[in-house]
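One structure coming up, written as structure tokens, with questions to follow.
The values are calculated or read from the model by the stated rules, or taken from the named source; none is laboratory data. Given the structure is predicted, the values throughout are model-derived calculations rather than measurements. Neighbour counts run over all protein chains shown; Cβ positions are idealised from the backbone, glycine included. Only protein heavy atoms, including side chains, enter the accessible area calculation; ligands, DNA and RNA are left aside. Shrake-Rupley method; radii C 1.70, N 1.55, O 1.52, S 1.80 Å.
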Amino acid sequence: MDAPVKLTIRAGANELDLRLRVAATEQKVTVQESAAIVSTDASTNASATVINGADLDSLSDDPEDLSADLQALAGPSAGPGGGASIFVDGFSGGQLPPKNSIREIRINQNPFSPEFDRLGLGRIEIFTKPGTDQFHGTVTYNLGLEQWNSRNPYSTFQGNVPFLLQETENSFSGRLNRRSSFTLDFERNAVDNGQVANGVTPDGPFSSVVKALQRHTHVGPHVDYQLNQNNTLTGRYSWTRARIQDGGVGSFDLPSRAAHVAYDFQTVQVSETSIHGTKVNEIRYQYYRETNATQANTIAPAIVVQQAFSGGGASSPFNGYTQDSHELQNYTSMVKGAHFLRFGVRFRSRQLDSVSQQNFNGQWTFTSLNAYEAGKPAQLTLAAGNPEVNVRTLDTALFAGDEWRVRQNVTLSYGLRFETQNKINDHADFAPRVALAWAPGAKARKPGKTVLRAGAGMFYDRFRVNNLAQIARFNGVTQQLFIVTNPTTYPVLPPISTLSAATQNTYRLDAGYHSPYVIQSALTMDRQLPHNVTLATTWTNTHAVHVQRTLDLNAPFPVTGVLPYPGQGPIFLYTASGLFNQNQFLVNVNAKVNPAVSLVGYYVLNKANSNSDGLGSMPANAYDYSGEYGRASTDVRHRMMVGGTLNTRWNVRLNPLLTVQTGAPFNITSGVDNFGTTVFNARPSITTDPNLPGVVRTSYGLLNPYPAPGEPVLARNAGSGPGQIMLNVRITKTWGLGHEIGSSGAAGGRRGDGGGGGAGPMLSAPTRPVFSSATTPRRYNVQAGMSIRNVLNHNNPGPIIGNIQSPLFGQANQVPGGTNGEGFSENASNRRLELQLRFTY
């Protein structure tokens, strides 16, 4: 402090000139987006992940890879299905939007909310962007070449498997007038993907490559209109066309099995949001249409030598369908003191017009290569009749929930959901949900660092429209499906008129069918750690009853071989008589260290048992269910994921995503129909006698495909596949061009560290740490990057072959991953690189 100044005051007017010196002060403010905190709010559970802003750049631009990234981030869902459920702007059953149009992604948030019909663990909620006040645009071009990729480990093709990817994904938004704004998305993807098939023919092992020409076009306008101060109207339309030439080949298929595939998708969404004080009402409607037409390249009988090779024509000369879905929602939210109330109703209808010529050209099935060479098929499958059916389902759901702040550190959430649908006898499904969150020691001005949570709820699964179509099609009248055991006319197809009712398969729905439901309970501890890190440990128990499966009502009785319904063929009954039990222990870590470093990860210890994996499951022995209850198909014991965003001072962004898991179970089958069900799902027994007919020596012991009556057989899903390791990395560099946003013009302004345009002198920039913002303040940004899938080039086998009659038993013949909802695949190579260029303004 300066020395005091002595003043002398005289009589009369005095004038004093004072000059104040302002001391230099420095104040540092740190703003963190989506800070990781713990709270008793139901929607802020620490095991949830929210991706928005710059973190969205960590996800792939490629539609197929984007879906895989979201599945990895969501982790394994609890329950019999195992897969994640996706909601787009509150609707289910639609298409995944382009990444450029996504505003925010929420994963595993508020798992016991009565608003949703599906389990909260594994739920992905996607919200699209509204329009903007000023004009903005993003133009993206992605390029992938086979020369950049590694070899496919399951192909003997000389050099890399053919692959060419060219994608442009663009998004524009701006203001229409003072009340409205728009967003327009445009995509055009062209992917030439080499489809690899492997197997064994009588001439020896084969490996073929068929290049599928895949084309995708998408246009999606979105308009927001403010009706008045309290009401906003939003409209969104999406049109997608996908075409695939020579698609559908892989695994054991010879090139003659290829087909031309066409998909068209249309989505219309209209929503009106009304805000009056603390009350918000949302009315939302979605119309979704999906059409498909699949035309075989070769019209000829199919030849299937089980898990050795598949030749002839495709299984169906033509398949096609049109599915129309309507969904209407009215949801209301309001605040009443310490209560946050939300209630609403949903109406949904789905109509399916399906044309299927499956097996109209006939299919010869052989149990082994020896049987094929001998010309002795085990089955002939032949269909005839009317290929078209039309079915429709209606379902309704009502819910009401309350999030009650009982005390400053205690929140009780509870609610009830009611669901019903037609076409089944179960018309009243009540699903209560409750959750409690307590923060010990938390006070009004002192948030707690620990939150203890407990919750439980019921979740139902609806009977799907495509299953109703199967019942309507094979009702014994509309379309006939004949399966002849040990036919003697090979290779000549017999006339339909010569086939009897005793060989005709029919499908029925159990008259006592009850909607499958899951009772899930969870205990969680959320903990706030230093450096803006949260940790969540969760134990969940999932108990599912009325799990779907299929039974054969007309399987021959043991020993006598007499049919329960003489003169009829197999009668397949869709039932809900299965059981599923699962326990999971999860550890989730979310770290928003600063705007430059964001990490997320989880570890899951899982144990799941069941006696069915869905309607595709059927007991091996219709009269003996022993061995059916065992490992579920989702019983992957250990899973781990680590991903995040690292921004450097050089405007370089790194986005790693590492997933590791132990092997998944697979079912070991004998490859023969021991029980007369026309289904080759019988399981072998373990024997010590190597001289028994057909015994196969395996790593699981000597397996006998023809067990003696009463002899114990292997349990379902007794096989264990190898573990998998997948490391994906995305590296991007950004350059800023033009004037800084917020400046008066192009002149002046500090040049960003990443270079870029802008007139005016270059000013010295303060020193920045290694990890800093990878964005620039410039009006225009150019970004170049490389996306690398499977950086380690680790060989992750695809589905394991479980038929002991197959020469490839216990092995895989393809890399993992199938096709997406449009039939697209990009799995030509083991490691794939993709160059990405982006321009934003």
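If you average 1/r over all unlike Cα pairs in the stretch 418-493 and invert the result, what Kirkwood radius do you get in angstrom?
Evaluated on the stretch 418-493, it is 18.8 Å.
While we're here: So how do 412, 176, 56 rank on accessible area, 1.4 Å probe, biggest first, that is with the largest at the start?
176, 412, 56
Something else about it: Nearest 0.05, what FRET efficiency do residue 650 and residue 543 give at R0 = 56 Å with Cβ-Cβ as r?
0.60
Something else: How much accessible area per residue does the stretch 694-733 have, counting only protein heavy atoms and a probe of 1.4 Å, in square angstrom?
48 Å²
Here's a follow-up. Can you say what percent of the DSSP beta bridges in the chain, counting only those with both residues inside, are antiparallel? Round to 5.
95 percent
Classify the stretch 280-386 as rounded, prolate or oblate, taking a ≥ b ≥ c as the square roots of the eigenvalues of its Cα gyration tensor: rounded when a/c is under 1.5, otherwise prolate if a/b is larger than b/c and oblate if not.
prolate
May I have the extent of the alpha carbons of the chain along their three principal axes, as whole Å values ordered from largest to smallest?
Here the spans come out as 133, 61, 55 Å, largest first.
Between residue 697 and residue 266, take the C-beta separation as r, use R0 = 60 Å, and let me know the FRET efficiency to the nearest 0.05.
My answer for the efficiency is 0.65.
Sorted by accessible area (1.4 Å probe), largest first, how do 492, 559, 660, 391 line up?
These residues rank, largest area first, as 559, 492, 660, 391.
So, one more: Rounded, prolate or oblate for the stretch 56-132? Axes are the square roots of the Cα gyration tensor eigenvalues, ordered a ≥ b ≥ c, and the cut-off for rounded is a/c under 1.5.
Here the stretch 56-132 falls in the oblate category.
Now for a different question. Taking only C-alpha pairs under 8 Å that are 6+ residues apart, what is the relative contact order of the chain in percent?
11 percent
Any idea which of 164, 323, 434 is furthest toward the positive side of the dipole for the chain, if Lys and Arg beta-carbons carry +1 and Asp and Glu beta-carbons -1?
Of the listed residues, the answer is 434.
Measure off, as a whole percent, the carbon and sulfur share of the 1.4 Å-probe accessible area of the stretch 108-255, all protein chains present.
52 percent
Same structure again: Rounded to two decimals, what is Rg over Rh for the stretch 463-590 when you use alpha-carbon atoms and the Kirkwood radius?
Here the Rg-to-Rh quotient is 1.27.
What is the distance, in nm, between label points placed 7 Å from the Cα along the Cα-to-Cβ direction at residue 353 and at residue 638?
Label-label distance for residue 353 and residue 638, simple model: 5.4 nm.
Same structure again: Could you tell me how many degrees, from 0 to 90 and to the nearest 10, lie between the Cα long axis of helix 63-74 and the main elongation axis, the longest principal axis, of the Cα atoms of the chain?
80 degrees
Quick one: pull the percent of accessible area on the stretch 447-553 belonging to carbon and sulfur, 1.4 Å probe, ligands and nucleic acids left out.
Carbon with sulfur: 62 percent of the solvent-accessible area.
If you don't mind, another one. Protein chains only, probe 1.4 Å: how do 635, 55 rank by accessible area, largest first?
My answer, sorted largest first, is 55, 635.
In Å², what does the accessible area per residue of the stretch 199-328 work out to with a 1.4 Å probe?
With all protein chains present, the stretch 199-328 gives 41 Å² per residue.
Another question about this same structure. Can you compute the helix-only [θ] at 222 nm over the chain? Use -39500 (n - 2.57) per DSSP H run of at least 4 residues, normalise by all residues, nearest 500 deg cm²/dmol.
Helix contribution divided over all residues of the chain: -1000 deg cm²/dmol.
With all protein chains present, how much of the accessible area of the stretch 302-342 (probe radius 1.4 Å) comes from carbon and sulfur, to the nearest whole percent?
Heavy-atom surface of the stretch 302-342 belonging to carbon and sulfur, 1.4 Å probe: 65 percent.
In what sequence, highest mean first, do 86-96, 563-573, 706-716 appear when ranked by Cβ atoms within 10 angstrom?
Result, highest mean first: 86-96, 563-573, 706-716.
On to the next question. Roughly how many whole Å is it from the C-alpha centroid of the stretch 587-635 to that of the stretch 683-706?
Spelled out, the Cα-based centre of one part sits 30 Å from the other.
When you take every Cα atom in the stretch 137-250, what is the radius of gyration, and what is Dmax, the widest Cα pair distance, in Å?
Cα-based Rg and Dmax for the stretch 137-250 come out at 21.8, 76 Å.
For the stretch 160-281, with only Lys/Arg (+1) and Asp/Glu (-1) charged at the beta-carbon, what is the dipole magnitude about the Cα centre, in debye rounded to 20?
So the magnitude is around 560 debye.
I need two numbers for the stretch 88-180: Rg to one decimal and Dmax as a whole number, Cα atoms only, in Å.
In Å, with Rg to one decimal and Dmax whole: 20.0, 62.
Could you pull the accessible area for residue 477 with a 1.4 Å probe, rounded to 10 Å²?
The value for residue 477 is about 110 Å².
Between residue 466 and residue 605, how many nm apart are label points set 7 Å from Cα along the C-beta direction?
Roughly 3.7 nm, to one decimal.
Here is a follow-up. Roughly how much of residue 786 is accessible, in Å² to the nearest 10, using a 1.4 Å probe?
For residue 786, the solvent-accessible surface is approximately 50 Å².
In the stretch 532-624, if every C-alpha pair distance is counted and binned at 5 Å from zero, what percent goes to each bin?
Cα pair-distance distribution for the stretch 532-624, in percent: 3, 11, 14, 12, 10, 10, 8, 7, 7, 6, 4, 3, 2, 2, 1.
Right, another one. Write down the accessible area per residue of the stretch 332-404 in Å², having rolled a 1.4 Å probe over the full set of protein chains.
Value for the stretch 332-404: 41 Å² per residue.
Under the √(5λ) rule applied to the eigenvalues of the Cα gyration tensor, what semi-axes describe the equivalent ellipsoid of the stretch 353-426? Give them in Å, descending.
Listed largest to smallest, the semi-axes of the stretch 353-426 are 55, 22, 9 Å.
Something else now. From zero outward in steps of 10 Å, how is the percent of C-alpha pairs of the stretch 176-328 spread across the bins?
Answer for the stretch 176-328: a P(r) of 10, 26, 23, 16, 12, 9, 4, 0 percent.
Now a separate question. Relative to the Cα centre, what is the charge dipole magnitude of the chain, using +1 at the beta carbon of each Lys and Arg, -1 at the beta carbon of each Asp and Glu, and rounding to the nearest 20 debye?
2720 debye
A further question follows. Suppose the chain between residue 662 and residue 626 were pulled fully straight at 0.36 nm per residue; how much longer would it get relative to their current alpha carbon spacing?
10.3 nm
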